[in-house]
1. Restricting region 299-323 to residues that are under 14 Å from Lys461 (Cβ atoms) and part of a helix (DSSP H, G or I), which is most open to solvent (accessible area, probe 1.4 Å)?
2. Run Ala251 past the list (1) of a type in the set (Gly, Ala, Ser); (2) surrounded by 14 or more Cβ atoms within 10 Å (Cβ to Cβ); (3) modelled with pLDDT under 95 and report the number of the one that doesn't hold.
3. Quick one: Asp118 ticks every box in (1) open to solvent by 10 Å² or more (accessible area, probe 1.4 Å); (2) at pLDDT 95 or above bar one, so which box is it?
4. Just to verify a result, which residue in region 234-272, among those that are among the small types (Gly, Ala, Ser) and without any contact (Cβ under 8 Å) to a residue 40 or more places away in the chain, is farthest from Leu107 (Cα to Cα)?
5. Can you find, within region 173-198, the residue that is nearest to Ala215 (Cα to Cα) among those that are in contact (Cβ under 8 Å) with a residue 40 or more places away in the chain and part of a helix (DSSP H, G or I)?
6. Would you confirm whether or not region 234-241 contains a residue that is among the charged types (D, E, K, R) and assigned to a helix (DSSP H, G or I)?
7. Restricting to region 376-394, name every residue that is in contact with an Asp or Glu (Cβ under 9 Å, 6 or more places away or on another chain) and hydroxyl-bearing (Ser, Thr, Tyr).
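The values are calculated or read from the model by the stated rules, or taken from the named source; none is laboratory data. Only a predicted model underlies this, so the values are computations on that prediction, with no experimental measurement involved. Methodologically, a virtual Cβ is constructed for each residue, glycine included, from the backbone with ideal geometry; neighbour enumeration extends over all protein chains shown. Note: areas computed on protein heavy atoms with side chains; ligands, DNA, RNA excluded. Shrake-Rupley method; radii C 1.70, N 1.55, O 1.52, S 1.80 Å.
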Amino acid sequence: MTSKTQSPPPWATTTKEQEKYSKTREPTPSKFFIINFHFKYFIFFLISVTSWFFILFFLLPPTNLKYQPHRSSLPSTKPIKSILVVDHRRERNPSKNNVSYVYIYNLPPEFNLGLVEDCAHLNIYTNMCPHVANRGLGQQLPLSDDGETGSGSGGAWFATHQFIAEMIFHARMENHPHRTWDPARASLFYVPFYGGLHASSKFREMNLTARDELAVRLLDFLQRQPTWRKNNGKDHFMVLGRTAWDFMRSAESGPDFGANSLLNQPRVQSMSVLTVETNPWKKKANSNQYGLPYPSYFHPSTSVQMLTWQTKVRKSNRTHLFSFIGAPRKGLEKAAIRDELIRQCGKSTRCELLQCKNDKNNKCYEPSEIMRVMTRSEFCLQAPGDSFTRRSTFDAVLAGCVPVFFSPHTAYTQYGWFLPDNPEEYSVFIDEEEAMREKRVINVEEELLKIPRERVEKMRKTVIDLIPRLTYKHPNASDDGAGGVGGFKDVVDVAFDALGRHVRSILAGNK
């Protein structure tokens with residue numbers, strides 16, 4: 001091999017080259033100096049980055065990053081708009097012991113939001129598209145100048161459908177402060193099935209198997225989940241926006257009115273079911289049904305909005321002793337009491353009657369008109385309608401109007417989690433069955449005039465104090481530091497607390 005003569009290294013300069021640099025000139029750095037400088041700079045940079053990494057990792061609190069299951073978006077139909085903003089912040093730590101956490105099943109869309117996509121066919125009697133808007137709140141109402149629909153309440157009023165509680169409950173739970181995305185942490189498991197909306201779409205389905213098949217698929221889905229098998233569903237609950245009668249079809253249930261058999265399924269009977277009307281004849285010790293208030297029109301986001309409305313109804317000028325809002329009913333028993341109340345109210349100068357009619361002038365579906373009548377009345381008559389319970393009961397409470405009941409099953413046997421134990425604190429009871437047995441007619445006006453003024457004022461105060469716990473807050477309500485999300489406990493908060501106690505008692509073997 002031939003050897004190659006190596007040239008001197010770059011930094012080996014000759015004497016002549018050194019003489020090129022004058023003592024008065026800034027010398028040009030050598031290549032060695034440049035490399036050495038860059039190496040030192042790199043080491044300094046590496047040390048700095050490493051130091052910041054250790055500071056960020058060990059000194060700052062970790063972010064709680066949890067997997068959040070995909071949630072189907074609302075349908076794109078024009079009448080439906082979502083105003084729900086789901087809170088993706090980390091779970092908040094409860095300040096009290098025995099506070100439950102709830103895990104919400106991410107059900108396949110066919111069980112909830114997928115049903116809403118076909119909103120025009122959710123009810124055989126009406127187009128539900130306007131009513132499922134805003135996650136079930138319905139269309140937002142314009143605030144009136146005279147304040148009868150809540151002027152100054154900041155857009156808290158909506159044309160809410162009476163059979164839509166399951167959607168509103170779902171929207172509220174998605175932002176609930178005790179929601180967890182970790183099923184291992186949960187003590188309650190919420191199954192957000194829109195069973196009421198589905199049931200109303202199948203009332204005319206003659207094939208019973210087809211009427212029941214969605215509920216059966218839901219139960220098959222749940223039974224495959226480890227979270228269900230852990231306690232055989234005893235820590236699970238669902239919410240139904242229709243009465244229990246729409247889910248209790250059986251061979252012995254008599255004429256077929258279009259109900260399905262959801263509540264008679266053995267697997268459902270392991271769960272807790274919240275519904276706007278329960279079966280009052282089923283012994284409470286053996287029942288898994290719990291009454292849930294119908295939604296009214298007021299959905300405040302803050303305690304300020306709630307207090308503003310309560311102050312308004314306290315100061316309301318009540319020009320009428322009593323009022324009745326409703327329509328006649330078919331059937332001997334229902335027709336008897338309704339026809340009599342309509343007759344008595346129509347003849348009395350102390351009663352305001354808003355009779356519902358099947359025409360374009362029907363004001364019974366105008367929230368502002370309903371609130372106008374009720375806020376001007378001392379007492380609001382609550383005769384049973386198609387079933388025992390009425391949404392009108394909760395409209396009356398919202399208006400600060402003392403409800404007058406004619407059946408104990410309209411409220412007393414239904415809403416134990418929400419109403420005082422003593423019915424006389426907030427209502428008047430006139431026993432229609434006793435009057436029918438004795439074949440006498442009760443003069444409602446005379447009975448109400450017998451009540452001392454002091455008791456009337458006390459009942460009204462109790463009714464107005466009940467408004468928060470019988471109201472569904474806006475789903476976007478946030479904690480304003482005044483006692484819960486939105487500053488007060490609403491229907492969902494009260495139900496959640498009661499469910500937590502109930503499930504703890506069941507799992508402890510006390511029920």
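1. Among residues in region 299-323 that are under 14 Å from Lys461 (Cβ atoms) and part of a helix (DSSP H, G or I), the one most open to solvent (accessible area, probe 1.4 Å) is Arg314.
2. (2)
3. (2)
4. Gly254
5. Looking at the filtered set, the residue picked out is Gly195.
6. Looking for residues that are among the charged types (D, E, K, R) and assigned to a helix (DSSP H, G or I), one finds none in region 234-241, hence no.
7. Hits for region 376-394 are Ser377, Ser387, Thr389.
Residue by residue, here is whether (1) of a type outside the set (Phe, Trp, Tyr); (2) at negative phi; (3) under 24 Å from the mean Cα position of the chain (by Cα) holds:
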site: Arg224; (1), (2), (3): yes, yes, no
site: Thr227; (1), (2), (3): yes, yes, yes
site: Asn231; (1), (2), (3): yes, yes, no
site: Lys234; (1), (2), (3): yes, yes, yes
site: Arg249; (1), (2), (3): yes, yes, no
site: Phe257; (1), (2), (3): no, yes, no
site: Ser261; (1), (2), (3): yes, yes, no
site: Asn264; (1), (2), (3): yes, yes, no
